[in-house]
There are 2 protein chains.
Amino acid sequence: MVLPRAARTQRRTRIQEEKEELILEAALDVFATHGFRGSTIDQIAEVAGMSKPNLLYYFRTKEAMHRALIDRVLDSWLDPLREFDAEGNPVSEIRSYIRRKLEMARDFPRESRLFANEILQGAPHIEDELKGPLKLLVDEKAEVIRSWIKAGKIAKCDPYHLIFAIWSTTQHYADFDVQVRGVLGDERSGEGRFEDAARFLEQLFVSGLEIKEGSA
Amino acid sequence: MVLPRAARTQRRTRIQEEKEELILEAALDVFATHGFRGSTIDQIAEVAGMSKPNLLYYFRTKEAMHRALIDRVLDSWLDPLREFDAEGNPVSEIRSYIRRKLEMARDFPRESRLFANEILQGAPHIEDELKGPLKLLVDEKAEVIRSWIKAGKIAKCDPYHLIFAIWSTTQHYADFDVQVRGVLGDERSGEGRFEDAARFLEQLFVSGLEIKEGSA
DNA sequence: GTAATGTTTTACCAACCGGTCAAATTATCA
DNA sequence: TGATAATTTGACCGGTTGGTAAAACATTAC
């Protein structure tokens, strides 16, 4: 018998494992470049190299596909922020946070664009995650930053806007890649641009957060 | 006779003027939140409060609407960068550039999202503008920044990445507004957040670009 | 091997999409 | 006023979209 996909609570087949992987990979490609509404199941099916009904056998709707993708990616996307360590040296913590975020922008640009599309379009599918888990994590790390400020280890500043600034500057290289390449021109568009960006951003944030004489 | 819209080279009617305005306003709403592919003519027509064929009487295709919108907005979008003045004081020039960009993010978030959507999705309609006029303008301003560095007025840094950083941090408040609001929570999501952002970003960039002792 | 289960395909549907057409309505101006 | 041009609308069209039904095919368990 053909059970509806959702009713199967038994352990998954090898084929299921493989195909779902294949589909999510293709869906990431398509959703990341066209957003949810701009993407079609046919497109995803073509990229995945399978027929549309076959794809719908694994994920019963386009929404289900998108949700599965978001769930899988959101968690790992926040890893760099989780590593932010209250016990560490503030400057080197911030420095390595920037570096990690920049590495993710370089190595996982599709994941970055998936979120960018989603948020840009009003986050209709992940609003709860934003106000829940994400806010919690950011609140926690903002508190860490605030403690560093109180301890006189970095300059006084709004920790939330600091985090926003790190997010935006790093993700910019994934989300606005075409623009960055367009402006830099062919000569400077190679992978070296990430090293240049890292150098610039580390300098900006490190000296931007340095304690100035007479301000304590 | 009913002339095709494009053939009318005569001066435009009062009604034409008004309706085209009305349509572009509605189109901005829709394109900004759903991207080009995710938007439908019916949607725009509904927002504009007119029938689809009527809308298509003024703009013959969806593409034409989008293009008209891009053309109108792109130019004014670059105004803040154009005001960047080589003769001015570097620190205050950068400071007011940040402020202007932030004001645009606050007052014209739809325009910002229109571009963000377009670029995020590979800039299929404005690639030429990116590699042409935009690159030219940025090249010119990068040269200005470089001259300030050479003159020892600000710290040594890559001018292009500096511009990217200002773009990304400021536009973040328009493009990722839902996220910003979600993380800040209801209490801090009011208009005051733009003042907080301005204060933070000015501090970051100003002290981030200060000349340090012993580095000249 | 065969029966049960899991997978894939073909054919299809209703809703929606961008866009056209011709007729109806309204504004302009001599 | 009436003729002319500009504007608006409802009906429609071919293609695409998300999704379904059922049967063919493959795999696994016994």
Point to revise | Estimated vicinal HN-Hα couplings, Hz - segment B:191-204 in sequence order (Karplus 6.51, -1.76, 1.60; Gly, Pro = x) | key: 5, x, 4, 6, 5, 4, 4, 4, 4, 4, 5, 4, 4, 4
Revision key, fill the gap. If every Lys and Arg gets +1 and every Asp and Glu gets -1 at its Cβ, then about the Cα centre the protein assembly as shown yields a dipole, in debye to the nearest 20, of 660 debye
Check your understanding: With the dipole of the protein assembly as shown worked out from charges on the C-beta (+1 for Lys and Arg, -1 for Asp and Glu) around the Cα centre, which of B:Ala45, A:Leu134, B:Ala32 lies farthest toward the positive end?
Key -> B:Ala45
Exercise for review: Compute the longest continuous run of chain B that contains no exposed GluC sites (Glu not before Pro); treat a site as exposed when its DSSP state is not H, G, I, E or B and it has at most 13 other Cβ atoms within 10 Å.
Suggested key: B:88-186
Check your understanding: Between rounded, prolate and oblate, where does segment B:13-70 land on the alpha carbon gyration tensor, with a ≥ b ≥ c its root eigenvalues, rounded for a/c under 1.5, else prolate if a/b exceeds b/c?
Key -> prolate
Exercise for review: Using a 10 Å Cβ count of at most 16 others and DSSP loop calls, identify the longest part of chain A lacking such trypsin sites (Lys or Arg not before Pro).
Suggested key: A:61-152
Check your understanding: Looking down the axis that turns B into A, which residue of B has the closest beta carbon, and how many Å out?
Key -> B:Gly208, 2
Review point. Which cross-chain or sequence-distant (5 or more) residues have an amide H under 5 Å from the amide H of B:Phe84, H modelled 1.01 Å from N in plane?
Key: none
Review point. Across peptide A:110-118, what mean number of C-beta atoms from other chains lies inside 10 Å of a residue's C-beta?
Key: 2
Exercise for review: Send over the semi-axes of the protein assembly as shown's equivalent ellipsoid, whole angstrom and largest first, taken as the square roots of 5 times the C-alpha gyration tensor eigenvalues.
Suggested key: 37, 32, 19
Point to revise | Percent carbon-and-sulfur accessible area, the protein assembly as shown, ignoring ligands, DNA and RNA, probe 1.4 Å | key: 51 percent
Exercise for review: Return the average number of partner chain Cβ atoms within 10 angstrom of each residue Cβ along peptide A:155-168.
Suggested key: 6
Review point. 222 nm [θ] for chain A, helices only, -39500 (n - 2.57) per DSSP H run of 4+, per residue, to 500?
Key: -22000 deg cm²/dmol
Check your understanding: What is the dipole size for segment B:1-143, taken about its Cα centre, with +1 at each Lys and Arg Cβ and -1 at each Asp and Glu Cβ, in debye to the nearest 20?
Key -> 560 debye
Study note, to complete from the structure: Note: B:170-181 gets an average of partner chain Cβ contacts (10 Å, Cβ to Cβ) equal to 6
Exercise for review: Only Lys, Arg, Asp and Glu count, each charged at its Cβ (+1, +1, -1, -1), so figure out the dipole size of segment B:102-216 about its Cα centre, rounded to 20 debye.
Suggested key: 400 debye
Review point. Given the convex hull over the Cα atoms of segment B:155-208, what projected area results after averaging over all orientations, in nm²?
Key: 4.0 nm²
Exercise for review: Taking H placed 1.01 Å from N in the peptide plane, check which residues at least 5 places from B:Cys157 or on another chain put their amide H under 5 Å from its amide H.
Suggested key: none
Check your understanding: Which distances, shortest first and in nm, link B:Arg14 to the matching position in the other copies, using label points set 7 Å out along Cα to C-beta?
Key -> 7.8
Point to revise | Added length on full extension, which subtracts the Cα-Cα distance from 0.36 nm per residue, B:Lys52 to B:Glu210 | key: 51.3 nm
Exercise for review: At a Cα cut-off below 30 Å, give the lysines reachable from A:Lys62, other chains included and same-chain residues fewer than 8 away excluded.
Suggested key: A:Lys19, A:Lys52, A:Lys101, A:Lys131, A:Lys135, B:Lys52, B:Lys62
Revision key, fill the gap. Sorted largest first, the C-alpha extents of chain A along its principal axes in whole angstrom are 76, 44, 31
Revision key, fill the gap. Listed by chain and number, the aspartates and glutamates with an alpha carbon less than 15 angstrom from that of B:Lys156, same-chain partners under 8 positions apart left out, are A:Asp196, A:Glu202, B:Glu143, B:Glu210, B:Glu213
Point to revise | Kirkwood hydrodynamic radius of segment B:94-141, Cα pairs, Å | key: 12.0 Å
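The values are calculated or read from the model by the stated rules, or taken from the named source; none is laboratory data. Predicted model, so just to flag it, every value in this text is computed and none were measured. Glycine gets a Cβ as well: all are built from the backbone with ideal geometry, and neighbour counts include every protein chain shown. Remember, those area values only see protein heavy atoms, side chains included, never the ligands or the DNA or RNA. Shrake-Rupley method; radii C 1.70, N 1.55, O 1.52, S 1.80 Å.
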